[in-house]
Amino acid sequence: MGENLYYLVVEGKPTGPFTTDELKSKPVKPDSFLKTAEMDDYKEAHEIEELRSALGFAKEFTAPQYYAGFDLRLLATAIDWFIVFGIFAFFELLVALYIDDQTVTQQNIASGLLLLPFLKLFYNIYMENYQQATIGKKLLSIKVVNMQGLNPSLKQNINRNISKIISTLPLFAGYFYLFLNKQQQTLHDKLANTLVVKDRLI
């Protein structure tokens, strides 16, 4: 039995056929449509085991269906800020107990508050890269995914969180962008090609 030859849909038109080796140089994404002459209909590339292996797709995915709205995301952010600030306050208290100097303690708190946004940034990137969610998101059963519903890359997570600076200016306008699109992407989600989804409709 010979090697499978695949027809690839590009810009709505079938092209090919191509061998699996030839497909490696083509613009094949996990959700690209392909079929062999023997297949009744086209399937997405991630659904075909041979192509998942040949093209390096991690696994079969299910396209996101339920998107986290503004209320859930705002509550998750509030929980995360509470956690980060709580950790910061705990360590500041320990320092204050060991350093019996009010001036030094005040200076330490002031410098720590300046570092707090950077700690929050690191916390977000770390948690979303390894868990797809911060603690606040986990408690609300929402998570960050790429456009195929899979774990975003480290680069996407970094871009997403740094781009929040753009979303906050002016007047958090980038956050309200989610009301203008069906996938409820904020501006920083759009820039990083990510989504925030929930496990089910609630």
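Residues in the range 146-167 that are in a loop (DSSP other than H, G, I, E, B) and crowded, with 21+ Cβ neighbours inside 10 Å: P152 only. Apart from one condition, H46 fits all of (1) in a loop (DSSP other than H, G, I, E, B); (2) buried (at least 17 other Cβ atoms within 10 Å of the Cβ); the exception is (1). The residue of the range 174-202 that is modelled with the highest pLDDT, among those that are among the charged types (D, E, K, R) and surrounded by fewer than 18 Cβ atoms within 10 Å (Cβ to Cβ), is K182. If you go through the range 129-142 and keep only what is modelled with pLDDT of 95 or more and either assigned to a strand (DSSP E or B) or at positive phi (or both), you end up with just I142. In the set A54, A37, A89, A110, only one residue is assigned to a helix (DSSP H, G or I), out of contact with any strand residue (DSSP E or B) (no Cβ under 7 Å at 6 or more places or on another chain) and in contact (Cβ under 8 Å) with a residue 12 or more places away in the chain; that residue is A54. When L171, L97 are checked against the criterion of being at positive phi and either of a type in the set (F, W, Y) or surrounded by fewer than 13 Cβ atoms within 10 Å (Cβ to Cβ) (or both), a single residue qualifies: L171. Looking at K143, K120, just one residue is surrounded by 14 or more Cβ atoms within 10 Å (Cβ to Cβ), within 20 Å of the chain's Cα centre (by Cα) and more than 20 Å from V197 (Cα to Cα), and that residue is K120. Among the numbered conditions (1) surrounded by fewer than 16 Cβ atoms within 10 Å (Cβ to Cβ); (2) within 24 Å of S141 (Cβ to Cβ), the only one that F91 does not meet is (2).
The values are calculated or read from the model by the stated rules, or taken from the named source; none is laboratory data. Just so you know, these numbers come straight off a predicted model, no measurement behind them. Using ideal geometry, Cβ is built from the backbone for each residue, glycine included, and neighbour counts are taken over all protein chains shown.
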